[in-house]
Amino acid sequence: MMDAPLSWRDDGKTWPNREYSQFIKVGRTRWHVQKAGGGPNAILLHGTGSATHTWKGLLPLLRDRMTVIALDLPGHGFTSSSPSHQMSLPAMARSVSQLLQKLDVSDGVVVGHSAGAAIAAQMAKDGTTGVAGIVSINGAMLPLNNLPGLIFSPLAKLLAMSRIVPWLFSLRAADRTVVERLLRQTGSQIDRESMDLYVRLARNPGHVGGALNMMANWDLQPLKVSLPALEPSILFLVGDRDKTVPPSYSESASKRAPNSHVKVIAKTGHLTHEEEPASVASEVFWFAEQIGALEAVKEPERSAIS
């Protein structure tokens with residue numbers, strides 16, 4: 001099938017953190033979920049065109065103090081695709097909330113990368129899941145008027161309607177240099193294993209179709225309007241070399257969101273969490289402690305020297 005997701009039997013053999021993977025059916029969607037650790041919940045939402053592999057370095061760090069729940073969004077990775085009308089921002093936020101309800105997850109800190117941050121904000125707006133706080137990693141919460149933002153346009157809708165376009169793109173992605181060039185344009189430098197995984201995703205027509213379908217059905221304008229009314233605190237983590245969602249966008253979003261602030265992680269691009277997972281983990285822990293979602297680690301008492 002042209003719109004089939006990755007094969008767990010074949011592609012899943014070497015998938016990062018596969019020991020934490022499970023498949024859960026909610027309605028017509030078969031979700032790929034990775035759950036690990038213990039303690040307060042950290043819900044990880046990847047961006048458009050990505051999958052759970054993007055957390056391969058961050059998940060093992062967060063699981064030491066939190067229950068990590070990472071998932072492939074509909075039409076991405078190993079999660080089955082959804083009809084076009086279920087790929088809008090509000091619909092995807094509802095789908096994620098329904099999955100969390102199935103997992104008996106009622107609240108948590110939501111860590112969203114790029115478009116995943118927008119889903120986190122939409123979930124907070126809707127109130128369908130208790131969002132204790134949001135960590136936005138180079139979040140795409142505002143309409144983009146630069147080149148990457150043009151993807152969210154009628155052209156994307158037209159491309160998504162054609163079943164041949166994902167197939168053609170995946171054929172082109174057979175040339176590894178195409179994917180490498182696209183990733184370099186994000187401003188990030190990632191390791192070879194991560195690059196191999198992105199190449200694998202780009203060569204799968206089902207995954208490419210899911211990403212196109214998602215982009216074609218999104219409208220960030222309503223979210224932009226609602227940001228001033230969001231109640232949860234938001235930590236905007238920004239890669240100063242991000243060429244996909246420029247740092248200025250996170251700064252603008254932070255000015256609109258009342259309970260928020262920005263932290264820059266130097267010398268990273270759009271994939272900040274892949275380049276500096278330890279730095280991102282430290283910020284997530286700090287933020288969770290600040291909002292009372294995670295108990296602070298007490299420094300060991302030093303015995304007096306006589």
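The values are calculated or read from the model by the stated rules, or taken from the named source; none is laboratory data. Computed from a predicted structure; not experimentally measured. Here the Cβ is made from the backbone with ideal geometry for all residues, glycine too, and neighbour counts use every protein chain on show. For accessibility, only protein heavy atoms count, side chains too; no ligands or nucleic acids. Shrake-Rupley method; radii C 1.70, N 1.55, O 1.52, S 1.80 Å.
A few comments on the model shown:
- Among the criteria (1) within 15 Å of the chain's Cα centre (by Cα); (2) open to solvent by less than 30 Å² (accessible area, probe 1.4 Å); (3) farther than 20 Å from Lys224 by Cβ, the one Val245 does not fulfil is (3).
- The set of residues in region 177-191 that are part of a loop (DSSP other than H, G, I, E, B) and either aliphatic (A, V, I, L, M) or closer than 13 Å to Thr54 by Cβ (or both) comprises Thr186, Ser188, Ile190, Asp191.
- Yes/no for Lys102 being under 17 Å from Lys224 (Cα atoms) and open to solvent by 50 Å² or more (accessible area, probe 1.4 Å): no
- Restricting the search to helices (runs of 4 or more DSSP H) fully inside region 192-261 and requiring at least 1 residues that are closer than 19 Å to His32 by Cβ gives 192-202, 205-216.
- Of the residues making up region 252-302, those that are under 19 Å from the mean Cα position of the chain (by Cα), open to solvent by 30 Å² or more (accessible area, probe 1.4 Å) and free of Cβ contacts under 8 Å to residues at least 24 places away in the same chain are Glu276, Ser279, Ser282.
The rows are residues; the columns are (1) within 22 Å of Arg192 (Cβ to Cβ); (2) open to solvent by 10 Å² or more (accessible area, probe 1.4 Å).
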{"residue": "Lys13", "(1), (2)": "yes, yes"}
{"residue": "Lys35", "(1), (2)": "no, yes"}
{"residue": "Gly39", "(1), (2)": "no, yes"}
{"residue": "Leu45", "(1), (2)": "no, no"}
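- Search result, residues across region 108-124 that are open to solvent by 10 Å² or more (accessible area, probe 1.4 Å) and either modelled with pLDDT under 95 or among the hydroxyl-bearing types (Ser, Thr, Tyr) (or both): Ser114
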